[in-house]
Amino acid sequence: MAFELDRIEDKIEFFEADRLEALEKKINDQIEANKTLLLRVASVSHQTQFAADGRPHYSAVVHFAAQK
């Protein structure tokens with residue numbers, strides 16, 4: 001039985017929250033978790049949408065890439 005480990009080169013994660021502070025906390029927590037995989041933030045894209053009642057909804061896509 002062979003046991004083989006592959007290094008993760010790229011990882012894309014999606015986040016959403018109803019408050020900007022909550023979104024930021026989720027992203028920061030995942031940044032810390034991905035440091036153990038030797039991944040760093042390569043790019044971030046974010047968007048805000050508003051519901052019919054005016055409440056905001058925040059979302060973000062974070063691209064993590066291997067450290068060189």
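The values are calculated or read from the model by the stated rules, or taken from the named source; none is laboratory data. The model shown is predicted, which means the values in this text are computed figures rather than measured ones. Using ideal geometry, Cβ is built from the backbone for each residue, glycine included, and neighbour counts are taken over all protein chains shown. These accessible areas exclude ligands, DNA and RNA; they are computed on the full protein's heavy atoms, side chains included. Shrake-Rupley method; radii C 1.70, N 1.55, O 1.52, S 1.80 Å.
Within the stretch 1-17, the only residue that satisfies the criterion of being more than 22 Å from Ala65 (Cβ to Cβ), open to solvent by less than 100 Å² (accessible area, probe 1.4 Å) and in a loop (DSSP other than H, G, I, E, B) is Ala2. Within the stretch 34-45, identify whether any single residue is assigned to a helix (DSSP H, G or I) and under 10 Å from the mean Cα position of the chain (by Cα), and answer yes or no. Yes - at least one qualifying residue is present in the stretch 34-45.
Taking residues in the stretch 3-31 that are closer than 16 Å to His63 by Cβ and of a type outside the set (D, E, K, R), and partners anywhere that are open to solvent by less than 70 Å² (accessible area, probe 1.4 Å) and in a helix (DSSP H, G or I), the pairs with Cβ atoms closer than 7 Å and at least 6 places apart or on different chains are Phe15/Leu23; Phe15/Ile27. Evaluated against (1) open to solvent by less than 50 Å² (accessible area, probe 1.4 Å); (2) charged (D, E, K, R); (3) in contact with an Asp or Glu (Cβ under 9 Å, 6 or more places away or on another chain), Arg55 falls short on exactly one condition, (1).
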